[in-house]
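Computed from the coordinates by the stated procedures, all read-outs in this text should not be read as laboratory data. Keep in mind that this is a model prediction, so the values were computed, not measured. All Cβ positions, even for glycine, are placed from backbone atoms using ideal geometry, and neighbour counts span all protein chains on display.
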Ligand SMILES: Nc1ncnc2c1ncn2[C@@H]1O[C@H](COP(=O)(O)OP(=O)(O)OP(=O)(O)O)[C@@H](O)[C@H]1O
Ligand SMILES: [Mg+2]
């Protein structure tokens, strides 16, 4: 059997809202990801995708159940995951007082590495993402699409084993988001990273992923299967529709 | 109020207004005894006298030094409290009410307390200034810390920073605007409070000189000393704005 790099086992997440009220975001969420797989997670808006994303990233604890990445808990074994997990967020989350280069380099700044070495790496990624000539400018001087590219460069710069993306192309216009998705696909194919891509866009999921996980509300896996090869557009359309109905009805 | 502080350059309108005031002043001085409204050339002479005499300018420097030392101490103390409130859960519940109480105490009450508590003049002045100024630092910076976006916090956390790195790479740069604002507010405030503090028992400083001018019915003196303070304030606001333009250069300019 292939080695499972991410193991999510029966995770439950409850937010306390108010004194006595609980809000269940996830209940009975389980899935596994093998090395090198690109898994897309889709689900209705507000079903808890970002919460799961944060739990996988280790910045949010689970209430019950376990998450293991390379056999360790990303929340409890926080520091172990330095440079091991990279994240691309829905919004660029750039630090406004840092230039593109300074933003891209921040992950390496936290580990011991010489300034020249880390800037060389960050520059390579910025250029790879088409940002030549924009290394020294501040985020406010960049367009939304370019800022998102800087955010991607920042994630790739630490050369993580696992890449997590949360609606990374969602809020951009159609053209820009298509462009970015293409570059992203290219880069993950090239680097062979294990990827977990959260999206609400079924078409995007089919485009990017080898596997799809459909989440219900509260977060639990309704469907978890390999995305088949499509011989025709029609077949692809039917598959999209099937996934859509699963999301819509909240059951298989 | 900040908007007002931001724009201290004189525009054409300013010149006209000041021109009118000066003309009105000069005109009145010819109808009223000089000890009430002295004419402009007397004022200028007095101003230059202060400016060129080390014996007199010393008092300006002493006041400025007192203000700067007191502000530095207030800043360190205020910043420590704000960081405590920002990072130790629940400490806000204990600190904020006291802070609001302290802010409600009038400067004059601090003066009275300082006289009773401290025999030493310098300690009195320091105490009064710090008591008046540190809450502004704390509240401004605390607002800055609270305003840090969780999004950015999560982003940095995903790279696994140490506490120190979190502070130096995210928190400190985030609150630079708040720090600048708090200094802008406090320089003016501290200078005004220093005048009151120097009225009681001090034998140096601009406040003391103002008191002497009043006792000797020396109107030109009173105005010359006041002008000195205004010059100091303008210089410090100007420097702070320079610093701000440099430190906040990453922001889109509004004009
Ligand atoms: N810190 C929190 N405290 C309480 N409730 C929260 C918190 N964070 C998220 N929630 C709730 O959890 C639910 C899921 O939020 P989440 O952001 O994970 O959804 P999502 O699937 O990412 O949605 P979207 O597709 O719109 O991004 C929401 O109803 C939200 O109100
Ligand atoms: Mg989300």
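Where does helix B:172-198 land angle-wise versus the long Cα axis of chain B, in degrees 0 to 90, nearest 10?
The two axes meet at around 30 degrees.
Roughly speaking, what is the stretch gain from residue B:163 to residue B:240, that is 0.36 nm per residue apart minus the C-alpha to C-alpha distance, in nm to one decimal?
24.8 nm
Would you calculate the separation in nanometres between label points at residue B:58 and residue A:120, each defined as 7 Å from the Cα along the Cα-to-beta-carbon direction?
So the two model labels end up 6.2 nm from each other.
Looking at chain A, what % of its DSSP beta bridges pair antiparallel, to the nearest 5?
Rounded to the nearest five, the antiparallel share is 50 percent.
Average partner chain C-beta neighbours within 10 Å, per residue of B:149-157?
Average neighbour count from other chains, rounded to a whole number: 6.
Which of rounded, prolate or oblate describes segment B:186-229 when judged by the alpha-carbon gyration tensor and an a/c cut-off of 1.5?
Because a/c hits 1.5 or more and a/b fails to exceed b/c, segment B:186-229 counts as oblate.
Taking square-rooted eigenvalues a ≥ b ≥ c of the alpha carbon gyration tensor, is segment A:166-238 rounded, prolate or oblate, where a/c under 1.5 means rounded and, failing that, a/b exceeding b/c means prolate?
Note, shape of segment A:166-238 comes out rounded.
When only C-alpha pairs under 8 Å and at least 6 residues apart count, what is the relative contact order of chain B, in percent?
27 percent
Round to a whole angstrom and tell me the spacing of the C-alpha centers of segment A:19-37 and segment B:14-51.
So the two Cα centres are separated by 77 Å.
For the protein assembly as shown, what proportion of DSSP beta bridges, expressed in % and rounded to the nearest 5, is antiparallel?
50 percent
Counting pairs of alpha carbon atoms under 8 Å apart in space and at least six apart in sequence, what relative contact order in percent does chain A give?
Across chain A, relative contact order equals 26 percent.
Mind giving me the nanometre distance, one decimal, between the label points for residue B:192 and residue A:249, set 7 Å out from Cα along Cα→Cβ?
Those two pseudo-labels are separated by 7.2 nm.
Using Cα atoms only, what is the angle between the long axis of helix A:174-191 and the major principal axis of chain A, expressed in degrees (0 to 90) to the nearest 10?
90 degrees
Using a 10 Å cut-off around each Cβ of peptide B:244-252, what is the average number of partner chain Cβ atoms that fall inside?
3
Using mean Cβ contacts within 10 Å as the protection proxy, how do A:189-201, A:61-73 order, highest first?
A:189-201, A:61-73
Per residue of A:87-99, how many C-beta atoms from partner chains lie within 10 Å of its own C-beta, taken as a mean?
Going residue by residue through A:87-99 and averaging, the value is 4.
In Å and from the alpha-carbon atoms only, list the Rg and Dmax of chain A.
18.4, 55
Along the Cα-to-C-beta direction of residue B:149, a point sits 7 Å from the Cα; which residues of segment B:231-255 have their amide N less than 20 Å from that point?
B:248-254
Measure nothing but the geometry: give the 0 to 90° angle between the long axis through the Cα atoms of B:54-87 and the longest principal axis through the Cα atoms of chain B, rounded to 10°.
The answer is roughly 20 degrees.
Do the sum for chain A: with -39,500 (n - 2.57) for every DSSP H run of n ≥ 4, divided by all residues, what is the mean residue ellipticity at 222 nm, to the nearest 500 deg cm²/dmol?
Estimated from H runs of four or more residues: -10500 deg cm²/dmol.
Compute the distance in nm between two label points, each set 7 Å from the Cα along the Cα-to-Cβ direction, one at residue B:80 and one at residue B:214.
Reported label-point gap for residue B:80 and residue B:214 is 3.5 nm.
What does the extension gain come out to for residue B:87 and residue B:105, with contour length at 0.36 nm per residue minus their alpha carbon separation?
3.8 nm
Relative contact order for segment A:93-152: what percent, with Cα pairs under 8 Å and sequence separation of 6 or more?
Once normalised by length, the contact order is 51 percent.
How much FRET efficiency would the formula 1/(1 + (r/R0)^6) give for residue A:143 and residue B:172, where r is the Cβ-Cβ distance and R0 is 25 Å, rounded to 0.05?
In this case the efficiency is close to 0.30.
Does segment A:93-152 come out rounded, prolate or oblate, given a ≥ b ≥ c as the square roots of the eigenvalues of its C-alpha gyration tensor, rounded meaning a/c under 1.5 and, failing that, prolate meaning a/b above b/c?
Judged from the Cα gyration tensor, segment A:93-152 comes out prolate (a/c at least 1.5, a/b above b/c).
From the convex hull of the Cα coordinates of the protein assembly as shown, what is the mean projected area in square nanometres?
32.9 nm²
Once every DSSP H run of n ≥ 4 in chain B is given -39500 (n - 2.57) and the sum is divided by its residues, what mean residue ellipticity at 222 nm do you get, rounded to the nearest 500 deg cm²/dmol?
Using -39500 (n - 2.57) per qualifying helix, the result is -26000 deg cm²/dmol.
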